[in-house]
Amino acid sequence: MELIAFFVLALLLIASAIVVITNRNPVSAAVALAFNLVSIAGLYMVLDAQFIGLLQVIVYAGAIMVLILFVIMLLNLREEVKAHPAGTFQRVLAPVTALLFAVVIGRAVWLTAPSTFPEKTEGFGTAASLGKELFTRFYYPFEAISLLLVVAMIGAVLLAKRKLS
Amino acid sequence: MIVDIAIIAAKAFLVVFMVLNLAGVLGWVERKGSALIQDRIGANRASIFGFAGLGLVNTLIADPLKFLTKEDFIPPAGDKFLHTLAPCMALFPALVTFAVIPFGDVLTWGDRVINLQVANLNIGILYVFAMGSLGVYGIVIGAWASNNKFSLLGGVRGSAQMISYEVAMGLSVIGILMVYGTLELQEIARGQGTLIGEFLPESWRFSKAAIGWLPAWGIFLQPLAFLLFFTAAVAETKRVPFDLPEGESEIVAGYHVEYSGGKFLMFFAGEFAEIVTAAALMTTLFLGGWQLGLPARWLPEPGWLLWGAQIAAFVLKMAFFQFLFVWVRWTLPRFRYDQLMNLGWKGLLPLSLANLAVTAILVVYGVVGH
């Protein structure tokens, strides 16, 4: 059952990722990316991490992608729909990057392939267990990240408030 | 095994069936409500030999026939695929959100225990917000795919509005989650089964006498959160006074200006399904869900009588909220866009944060909460 769900989700994930890359229309690509992010949320659910899965939907699909779509629509990118011929630089660099990426991913799969998942602990994936971990074991990193977010927010507000002179 | 699957399938079917039908009837209630509020006779044309049947003729025959027989027009310069996808994406979240809302207590039938809730997720409320946050795609994509200035403006307005009010909505609910100590909607409904007097400290004699007889519903424990949540819910369903994305006096019909026939019906039904879901959610969070609001000793023994009364109580409370939506719609004028943004970010957001801080203090000192 879980295996079937995994393969269906993985198929959706790869298919939507291919659409993101190949589609020239920025809005279609953004919609496909949203689809991709929801599929990843589905994968989290299969791994019993329901809380993370729903946060993935709320934060990425529900907020960040909507903002990206918003900006694309405001800019009204008509030029991007037309084909842009790739330069020589891009032509040479693209296969090299792809090869490098394949090596990294292949190495990671090779190293972790025989290992299995650790035993599921009681209450795994619930908001309560995640909260307990965040506020005890990972307290300082958690606070550091929240500080970082506040700084980013203040920066954004300052940038938006600055008068265009 | 087969019976268990049948029960789950029946619950799922019942919920989708009920949401869609309530959405249809609500379309008629809205017209009747407008007539009532504007002191005229309204929505009395659709009848069979003079029989109007409480809007059933309207919702079952006249509306679908009219919508489904109209030409389905797709703008030639628009995106055909996305133009068709958008109404589906607008309707889908509104239909699936109801899955986590409990419409009754756990009932026992023979040796089977049936939870009157389609999906008992331990993070039910987050599921509601996840689906709610996907609702904006229908508007944005539909607006863009129509290739029309007015619909694009409507879509841009809609996405900014929904993201802004989602923040206040989420923050106002956290107070409720703190008081009842759970993310599970069935548990929240169960937590509202006591009276306020039962958990106030013994020394608070006066408060106990004054408000102790009230049921421990969210609206009494978190009144500010209720106001904030209701306001945000009206904004999320894009209804007057927050119907800027449609704003027909400025941008014709906003994001669905290029939609006709069945696809327009899907947007239309999606809006009403959202109202049904929002009403059910507010009932669960703030009005005790399926609780009757009576002290436990007055209730009959668990049995079909009690379960039936609880389901009836849930439906009645939901109907009240649905009427409240219609009432607000025909009473208030539309906001200006800057007023909308100011209310969301400078009004609702600070208030919900303040509510959160006060609730946190009260929970820590054990005045409310479990």
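A few comments on the model shown:
- Estimated from the Cβ-Cβ distance and a Förster radius of 30 angstrom, the FRET efficiency linking B:TRP213 and A:PHE124 is about 0.10.
- Within straight-line cross-link reach of A:LYS161, aspartates and glutamates at Cα separation under 18 Å, skipping those fewer than 8 residues along the same chain: B:ASP338
- Separation of alpha-carbon centers, region B:212-228 and region B:2-16, rounded to whole Å: 33 Å
- Shown for chain B is the translational diffusion coefficient from the Stokes-Einstein equation, using the Kirkwood radius over Cα pairs, a temperature of 25 °C and a viscosity of 0.890 mPa s: 112 µm²/s.
- A Cβ-based charge dipole, computed about the Cα centre of chain B with Lys and Arg at +1 and Asp and Glu at -1, lands at about 560 debye.
- Rg and Dmax of the protein assembly as shown, based on Cα coordinates, read 25.3, 83 Å.
- Modelled FRET efficiency - R0 56 Å, A:TYR140 with B:LYS70, Cβ distances, 0.05 increments: 0.35
- Length-normalised contact order of region A:1-82 in % [C-alpha pairs under 8 Å, at least 6 apart]: 32 percent
- Only Lys, Arg (+1) and Asp, Glu (-1) charged, at Cβ; the protein assembly as shown dipole about Cα centre in debye: 1100 debye
- Peptide-level mean, for B:134-145, of C-beta atoms on other protein chains within 10 Å: 5
- Value of Rg/Rh across chain A [Cα atoms, Kirkwood radius]: 1.03
- Contact order relative to length of chain B, as percent, for alpha carbon pairs under 8 angstrom and 6 or more apart: 24 percent
- The distance between label points at A:LEU67 and B:THR194 comes to 4.1 nm (points 7 Å beyond Cα on the Cα→Cβ vector).
- Largest GNM mean-square fluctuation among B:TRP304, B:TRP327, B:TRP109, using chain B with Cα springs under 10 Å: B:TRP109.
- Leading residue at positive end of dipole, chain B (Cβ point charges), from B:ALA280, B:LEU107, B:ILE7: B:ALA280
- Chain A: DSSP helices with Cα axial extent of at least 24 Å and average Kyte-Doolittle hydropathy no lower than -0.5: A:2-22, A:26-46, A:88-112, A:139-161
- Pairs beyond 19 Å (Cα-Cα), from B:LYS11/B:LYS66; B:LYS80/B:LYS238; B:LYS80/B:LYS263; A:LYS120/B:LYS11: B:LYS11/B:LYS66; B:LYS80/B:LYS238; A:LYS120/B:LYS11
- A:ILE18-B:ALA296 pseudo-label distance in nm [points 7 Å out on the Cα-to-Cβ vector]: 5.9 nm
- Modelled spin-label separation between A:THR97 and B:TYR337, with each label point placed 7 Å from Cα along the Cα-to-Cβ direction: 3.6 nm.
- Computed over region B:1-144, the P(r) tail beyond 28 angstrom holds 43 percent of alpha carbon pairs.
- Computed from the Kirkwood radius of its Cα pairs, the Stokes-Einstein diffusion coefficient for region A:126-165 at 20 °C and 1.002 mPa s stands at 178 µm²/s.
- For peptide B:300-308, the mean count of partner chain Cβ atoms within 10 Å of a residue's Cβ comes to 0.
- Along principal axes, Cα extents of region A:1-82, largest first, whole Å: 45, 23, 10
- Amide H contacts for B:LEU195 (H built 1.01 Å from N in the peptide plane; partners 5 or more residues away or on another chain; cut-off under 5 Å): B:ALA216.
- Mean Kyte hydropathy of 0.0 or more with a Cα span along the axis of at least 30 Å, helices from DSSP in chain B: B:2-37, B:149-180, B:261-286, B:304-331
- Shielding by partners, peptide A:48-59 (average Cβ within 10 angstrom, other chains): 4
- Rg and Dmax [Cα atoms of region B:201-304; Å; Rg one decimal, Dmax integer]: 20.5, 64
- FRET efficiency, B:LEU14 to B:CYS88 (Cβ-Cβ, R0 25 Å, nearest 0.05): 0.70
Where a number appears in this text, it was derived from the coordinates with a stated rule and is not lab data. Being a predicted model, the structure only gives us computed values, none of them experimental. Note that we place each Cβ from the backbone using ideal geometry, even for glycine, and neighbour counts take in every protein chain shown.
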